[in-house]
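Worksheet for the structure shown next.
The values are calculated or read from the model by the stated rules, or taken from the named source; none is laboratory data. Remember, it's a predicted structure, so these values are computed and weren't measured experimentally. Heads up, the Cβs are rebuilt from the backbone with ideal geometry, glycines too, and the neighbour counts pull from every protein chain shown.
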Amino acid sequence: MSDAHRPRRSVLYMPGSKERALEKAKTLPADGLILDLEDAVAPAEKDAARTQVKAAVQEGGYGQRELIIRVNGLDTPWGEEDLKAASEAGPDAILIPKVNSAAQIDEVEALMTRHGAPETTSIWAMMETPRGMLHAESIAASTPRLNVFVMGTNDLVAELGAAHTEMRLPVITALGLCMLAARAYGVACIDGVFNEFKNIDAFRGACVQSKEMGFDGRTLIHPAQIDPCNEVFAPDHDAIALARRQLHAYEEAISKGEAVAVVDGKIVEKLHVEAAKKVLAMADLIADMADNAPSGA
C-alpha cells in the first residue's frame, strides 16, 4: 500500500505481553496496531514480550493493518535488544519513545541497518517531551525513513506540569509545532490517546477536534474507540461526492482553456483539486482494506 495516502485513522496500542490480545488484534478494524514493548509491559515481562511480539509479526495474519512495534528507549536496559528483535521481525514501522533530537533518530537508523531491518520498515517518533517539541523540525527532517509523528500527550502534560482539558489549550502550542514540522517535511501526524475510553461521546468530540487541527488519526487505548475514530477521520459520502464534482468541473474548465471552475458557488482551483484527489484516494484505500480484511474482522 502506498504510504502517501495510507489510512491511519485509528492506531490501537496492544500489550506485547498478552498473547490473547495479539491474537484478538487480527479481528479488529483498526488501521494500525502498535504492539507495545514499553509502557504496557511490566519489567519482569519485557524479555518474554519481545520474543512474543517478534513471533507475532513474523507469523502475520493481520491483513493490511499497519504493524508497528514500540520499543523501549535505548537508554533503558531493554532498548537495544528490543530494537534488534524489531528489526529482525520486519514490521511496517518501529516506534521510538521520547524522541528529543535528530541524533536519536540517526542512532536508531544505524542500529536498524546493522540488525538487518528491511528498507520497508520505517521509523515512527513519539513526540512527548518539551525538548522533542522544540526540536520537531530537525527530527522531521532527519531521514526519509522517518514518516510518522505520534503525539504522547499524557507524558507531555505530565512534564509540563499542566492539565488535561477539553480544548487542550495547555498543549496546543506543542501540538501545533509538531503539525507544522510534519507537514513541512511530508511526515504523517497522529494525535495522542483519549484516557476516558468509556466516554464515547466525549471521545468522538475529541476526534473531531483532532481532525480539524489536521491530524491523520488518533492512537487508541481500547477497541471500543476504533469505530467512532474511523468514522470521524474517514471521508463521508458528502465529502466524496463533492470531491468527484470538483474534479469533473475542473477537468471541464481546463478543457475549455479556463484556469478555475465553480462548484456549489465556490471557486475550485489546483489546490482544491489536489485535496479532492486525496479524499478519493483515501476512500478507495479504506474500502480496499475492508474488502480484504481477514476472516472474523
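Under 6 Å between Cβ atoms, which residue pairs at least 6 apart in sequence (or on different chains) link something in the range 172-196 that is among the hydroxyl-bearing types (Ser, Thr, Tyr) with a partner that is in a helix (DSSP H, G or I) and surrounded by 24 or more Cβ atoms within 10 Å (Cβ to Cβ)?
TYR185/ALA140
Would you say LYS277 is in a helix (DSSP H, G or I) and in contact with a helix residue (DSSP H, G or I) (Cβ under 8 Å, 6 or more places away or on another chain)?
So LYS277 passes the test.
Within the range 124-168, can you find the residues that are farther than 15 Å from PHE215 by Cβ, crowded, with 23+ Cβ neighbours inside 10 Å and of a type in the set (Val, Ile, Thr)?
Within the range 124-168, just ILE139 meets the criteria.
To keep it simple, each residue is scored yes or no on (1) in contact (Cβ under 8 Å) with a residue 40 or more places away in the chain; (2) more than 16 Å from HIS222 (Cβ to Cβ).
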residue	(1), (2)
ARG6	yes, yes
LEU28	yes, no
LEU33	no, no
ALA44	no, yes
GLN64	yes, yes
ARG70	yes, yes
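I'd like to check something: does the range 107-119 contain any residue that is surrounded by fewer than 22 Cβ atoms within 10 Å (Cβ to Cβ), of a type outside the set (Lys, Arg), farther than 15 Å from LYS84 by Cα and in the same structural domain as PHE215 (by TED's automatic domain parsing)?
Taking every residue of the range 107-119 in turn, none turns out to be surrounded by fewer than 22 Cβ atoms within 10 Å (Cβ to Cβ), of a type outside the set (Lys, Arg), farther than 15 Å from LYS84 by Cα and in the same structural domain as PHE215 (by TED's automatic domain parsing).
Only one of ILE267, ILE240 is in a helix (DSSP H, G or I), of a type in the set (Val, Ile, Thr) and farther than 25 Å from ILE34 by Cα; which?
Going through ILE267, ILE240 in turn, just one is in a helix (DSSP H, G or I), of a type in the set (Val, Ile, Thr) and farther than 25 Å from ILE34 by Cα: ILE240.
Please determine whether any residue of the range 226-235 is out of contact with any helix residue (DSSP H, G or I) (no Cβ under 7 Å at 6 or more places or on another chain), free of Cβ contacts under 8 Å to residues at least 40 places away in the same chain and polar (S, T, N, Q).
Within the range 226-235, none of the residues are out of contact with any helix residue (DSSP H, G or I) (no Cβ under 7 Å at 6 or more places or on another chain), free of Cβ contacts under 8 Å to residues at least 40 places away in the same chain and polar (S, T, N, Q).
Quick grid of which residues meet (1) assigned by TED's automatic domain parsing to the domain that holds GLU274; (2) at pLDDT 95 or above; (3) within 17 Å of VAL279 (Cα to Cα):
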site: ALA202; (1), (2), (3): no, yes, no
site: ALA206; (1), (2), (3): no, yes, no
site: LYS211; (1), (2), (3): no, yes, yes
site: GLY214; (1), (2), (3): no, yes, yes
site: LEU220; (1), (2), (3): no, yes, no
site: ILE226; (1), (2), (3): no, yes, no
site: LEU242; (1), (2), (3): yes, yes, yes
site: LEU247; (1), (2), (3): yes, yes, yes
site: ALA259; (1), (2), (3): yes, no, no
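If I go through the range 46-62 residue by residue, how many of them are in a loop (DSSP other than H, G, I, E, B) and without any contact (Cβ under 8 Å) to a residue 60 or more places away in the chain?
The number of residues fulfilling the criteria is 1.
Identify, please: which residue in the range 14-38 is touching an Asp or Glu at 6+ places or on another chain (Cβ under 9 Å) and not aliphatic (A, V, I, L, M) and is, among those, surrounded by the most Cβ atoms within 10 Å (Cβ to Cβ)?
Per the stated criteria, the residue is GLY16.
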